[in-house]
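The values are calculated or read from the model by the stated rules, or taken from the named source; none is laboratory data. Quick caveat: nothing in here was measured; it's all calculated off a predicted structure. Because the Cβ atoms are built from the backbone with ideal geometry, glycine has one as well, and the counts that use them run over all protein chains shown.
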Amino acid sequence: MSQSFIQQRTERTEWFLQDRFGMFIHWGLYAIPARGEWVRNAERMTNEEYQKYFDEFNPERYDPKAWAKAAKAAGMKYAVLTAKHHDGFCLFDSKLTDYKSTNTTCGRDLVREFLDAFREEGLKVGLYYSLLDWYHPDYPAYGDRIHPMRDNEAYKRDPERFGVYLDFMHGQVRELLTDYGRLDIMWFDFSYDDMRGEKWRATDLMETIRSIQPHIIIDNRLDASGEEGGSIYTNKPSVYSGDFASPEQIIPPQGITDNEGNSIPWEACITLNNNWGYSATDHTYKSAKTVIRKLVECVSKNGNLLLNVGPDAKGEIPRQSLDVLEEVGEWLRKNGDSIYGCGEAGLSKPDWGRYTRKGNKLYAHLLEESVGPVNLAGLGDRVKSARLLADGAELFVTRPWNASLYTNDAFFNFAQPEHYTYPLPDERNTVVEITLND
């Protein structure tokens, strides 16, 4: 079963490992308090205290077509929207709850509009669904480590009622899979403590998903840390281990492999500032330069980057986010061949930057300026040609006089004579496409 499952996972994730770069969108009622998506947890809000945001919710400037165009222009190939976050509020017209966008002043099925708009731009689409639900009366509250009412004895739950919540949760997942057309990704969040695996009736849930949309890829968060046998990190994953690992706010130092050293699909989910949901006072945005370099780092380790934006209460992606995305897109328009369909190069990390590779095309990502010629350690006579990827300009592949001792290495430079130090054409990341003769 495991080998068959791994083969199926390989087939399902083929497009995912080609596309490499996606947009994460955290959006919901929490955009109104504008203090991040965990505001209920942090401030111990009751349902009644949080209700005012439901009553006020009316994102009149929500234009998913503008979101989709921004994602596409940024070079992103897929997008994932929070259909339901931990607060239990649904951006879709679920028949199983009244706690949904269609019952607010807004009156719109925001998920359906999102899916239509992104599909129209040719992007693949996914939905995030929280396994937690702080609104539902049968989800554990008092005594739970995460629930906003964890310290309030008035919110004791009957453990026998948890099955009612699971029926509700499974039912909503079925709605998303049957009522909204083809989905490419189902992104679950998250397992913790004993709330993991079969506590969610995970095998039944996965069988339901596969029976409705067998092609869909799923993250690994039905199965918590991966410390036990049967996780995605082993060569014998369980049926609910998922199709890709989902490290959060970190890029794994060596990429991600199973217990036998085989690379497995993974995607680092990263915020653009320091919050997932909109935070009005958080202006600590990563620069386009940082995003570009971190995208390259992920791909050089056989991974993807899922970059988050948090639209505001009116439905607009913050201007600072759009500016960064626009610059990243400008870089990818010229250098995307070094990202899409690329992966680990099978070479040691060079001192000056990183490598990505696709077939006999090796991409040198120069992040530091060189003194004299750029060293391609161990490539000796394997280099057929070198071109600046952004404009196709020929570069000088030579054996300079001052490198005669390094017979196992190859060298290139941007100018002649070869020992001249030359500034990088793009200080964010200069990409050189090297054609190998083997």
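Just a few scattered comments:
- Boolean, residue 339 is buried (at least 21 other Cβ atoms within 10 Å of the Cβ) and over 26 Å from the mean Cα position of the chain (by Cα): no
- Hits in the range 351-362 (condition: touching a strand residue (DSSP E or B) at 6+ places or on another chain (Cβ under 7 Å) and in a loop (DSSP other than H, G, I, E, B)): 352, 360
- Residue that is nearest to the chain's Cα centre (by Cα) [pool: residues in the range 122-151 that are surrounded by fewer than 18 Cβ atoms within 10 Å (Cβ to Cβ) and among the charged types (D, E, K, R)]: 145
- Scanning the range 391-421 for residues that are under 30 Å from residue 287 (Cβ atoms) and surrounded by 17 or more Cβ atoms within 10 Å (Cβ to Cβ) yields 395, 412, 413, 414.
- Candidates in the range 384-438 are the residues that are among the acidic types (Asp, Glu) and modelled with pLDDT under 95; of these, the one that is farthest from the chain's Cα centre (by Cα) is 418.
- Filter result for residue 342 (out of contact with any Cys (no Cβ under 9 Å at 6 or more places or on another chain), of a type outside the set (Val, Ile, Thr) and over 26 Å from residue 81 (Cβ atoms)): yes
- Residue list for the range 294-336, filter: closer than 28 Å to residue 257 by Cα and surrounded by fewer than 17 Cβ atoms within 10 Å (Cβ to Cβ): 294
- The range 60-115, subset more than 21 Å from residue 186 (Cβ to Cβ) and either among the acidic types (Asp, Glu) or not assigned by TED's automatic domain parsing to the domain that holds residue 181 (or both), residue nearest to the chain's Cα centre (by Cα): 63
- The combined condition, being assigned by TED's automatic domain parsing to the domain that holds residue 307, closer than 28 Å to residue 245 by Cβ and aliphatic (A, V, I, L, M), is fulfilled by residue 17.
- Residue 164 being out of contact with any strand residue (DSSP E or B) (no Cβ under 6 Å at 6 or more places or on another chain) and in contact (Cβ under 8 Å) with a residue 24 or more places away in the chain: yes
- Of the residues making up the range 73-102, those that are out of contact with any helix residue (DSSP H, G or I) (no Cβ under 8 Å at 6 or more places or on another chain) and surrounded by fewer than 18 Cβ atoms within 10 Å (Cβ to Cβ) number 2.
- Those residues of the range 245-289 which are outside any loop (DSSP other than H, G, I, E, B), more than 21 Å from residue 309 (Cα to Cα) and touching a residue at least 60 places away in the same chain (Cβ under 8 Å), in sequence order: 255, 263
- Restricting attention to the range 62-120, the residues being within 27 Å of residue 44 (Cα to Cα), part of a loop (DSSP other than H, G, I, E, B) and either among the β-branched types (Val, Ile, Thr) or touching a residue at least 24 places away in the same chain (Cβ under 8 Å) (or both) number 14.
- Residues in the range 1-58 that are small (Gly, Ala, Ser) and free of Cβ contacts under 8 Å to residues at least 40 places away in the same chain were compared, and the one that is farthest from residue 135 (Cα to Cα) is 4.
- In summary, strands (runs of 3 or more DSSP E) completely within the range 391-438 and bearing 1 or more residues that are under 16 Å from residue 365 (Cα atoms) and hydroxyl-bearing (Ser, Thr, Tyr) occur at 430-436.
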